[in-house]
Amino acid sequence: MKDKRQGETLTRLGMDVGTVSTVVCDADGELLFDEPSILLHQRTGGRGQRIAVGREAADLVGRLPPGMTAIRPVRRGVITDLDTARSFLRMVVRQVLPRPWQRGRAQAVVGVPAGATLLEQRALLEVLEESGIARAVAIDEPVAGALGCGIDPMDRRVHMVVDVGGGTAEVSAFCFGGVLASRSCRIGGGDMTVAVSRHVREHHHLMMGEIAAEQLAVRSGEVPDNTEIGIHGRDSDSGRPRSVTVEAGELQAALAPIVAWLVRYLAGCLDDLPAQAIDDLAADGVVLVGGASRVRGIEQALEKAFGLPVKRAENPLTCVAEGAARAATAPGVLTAYGRG
Ligand SMILES: Nc1ncnc2c1ncn2[C@@H]1O[C@H](COP(=O)(O)OP(=O)(O)OP(=O)(O)O)[C@@H](O)[C@H]1O
Ligand SMILES: [Mg+2]
């Protein structure tokens, strides 16, 4: 985690501030923070107070007492609420580096969606520097994801990484310090959760909470299609508590159009690649990262649409932060791929 530099101790962090979760690790790859990107805010006597972040805040989503709100500072991979992002990241950075001198000597490399605008990227870097981090640098999430899986983005061979997160899906092909082609769309696992929740409401007249819907979407992919899953919620007509039983396959069918849409969109990236690049990718395969890369069938759908072998990373949820931490010390990587 620490480098001796001209007598000073430098702390290096890799960060992935995502729509659903925020991951921070040190240069040795040790996870320092891996919790939901949620801030709990309480209004008392006309004044607002930030009281919790991460898992502690997420535990209260859907059961908040009056006066409290749970806010997500990041949507579709970028900061949408500056004030919330400021408070959220200040609390995260203080948990990870409790002493001011540690923050004053810290450098953070943070993943940003390849499709983020300059303004969106600037907002994240400025908020991080306001939180006390001495210097923050951005790097494309697929490039960081590659590093986190042991791929060298300075390699002369072309590598391709697909990242399917909670609010974004993107693909990037790169070699020797440059991006050859990329596609980024603002669709992800959150849209699959919404599709499942809408299906249950429309076909079973049952309303469910956001967290329960996400757990249901995940569970339906982990069991055989004919498995019956019990769901508890509120009847959409009477408002009374009610339970229904739904087959896993029915829920998987509800989220399938979203997977199909994003796979088709990402496959457009291949149109921009030179033939030699396809040769490299056919031999080495495409790497799949991000939490929603665990959705059932996405690997096969990508293989079919890309015509290339696809393999999921061993650490799909943490490899962007791990790779970002590695980027700080990997020779030439930040000069070639660093943004801002
Ligand atoms: N086993 C699983 N099956 C299906 N979906 C899953 C599974 N595990 C996690 N997910 C989904 O992955 C998403 C979170 O992934 P991740 O943490 O990579 O997103 P993020 O980095 O916060 O978002 P983004 O990169 O879009 O800003 C959630 O939508 C969650 O529902
Ligand atoms: Mg992500």
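Each reported figure results from applying straightforward, stated rules to the coordinates on display, with no laboratory input. In this text the structure is predicted, and so the values were computed from the model without any measurement. All Cβ positions, glycine included, derive from the backbone under ideal geometry; neighbour counts span all protein chains shown.
Data overview
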quantity	calculated
Interchain or long-range residues, amide H under 5 Å from L288's placed H	V162, K311, R312, A313
Karplus 3J(HN,Hα) series, Hz, for the stretch 223-232 with 6.51 cos²θ - 1.76 cosθ + 1.60 (x for Gly, Pro)	10, x, 3, 8, 6, 8, 10, x, 10, 10
Fluctuation leader among L119, L128, L32 - the chain, Gaussian network, Cα springs under 10 angstrom	L119
Stretchable slack from D271 to E126, in nm (0.36 nm times residue separation minus alpha-carbon distance)	48.7 nm
Sum of -39500 (n - 2.57) over DSSP H runs of 4+, divided by residues of the chain (222 nm, nearest 500)	-11000 deg cm²/dmol
DSSP-defined antiparallel bridges as percent of all bridges, the chain, nearest 5	70
Lys/Arg +1, Asp/Glu -1 at C-beta; the chain dipole; positive extreme among L82, G45, C175	G45
Alpha-carbon centroids, the stretch 280-310 and the stretch 64-143: separation in whole Å	30
About the Cα centre, charge dipole magnitude for the stretch 193-254 (Lys/Arg +1, Asp/Glu -1 at Cβ), debye	260
Average Cα contact separation per residue, the chain, under 8 Å, 6 or more apart, as relative contact order %	20
Cβ charges +1 (Lys, Arg) and -1 (Asp, Glu), total dipole of the chain, debye	1200
Rg/Rh (Cα only; Kirkwood hydrodynamic radius) as it applies to the stretch 193-254	0.94
Selection from L317, A134, M208, by position along the positive dipole direction of the chain (Cβ)	A134
The stretch 177-186 - phi-based ³J(HN,Hα) in whole Hz, Karplus 6.51/-1.76/1.60, Gly and Pro as x	x, x, 8, 8, 7, 7, 9, 9, 10, 8
Sorted largest first, extent of the chain alpha carbons per principal axis (Å)	68, 60, 30
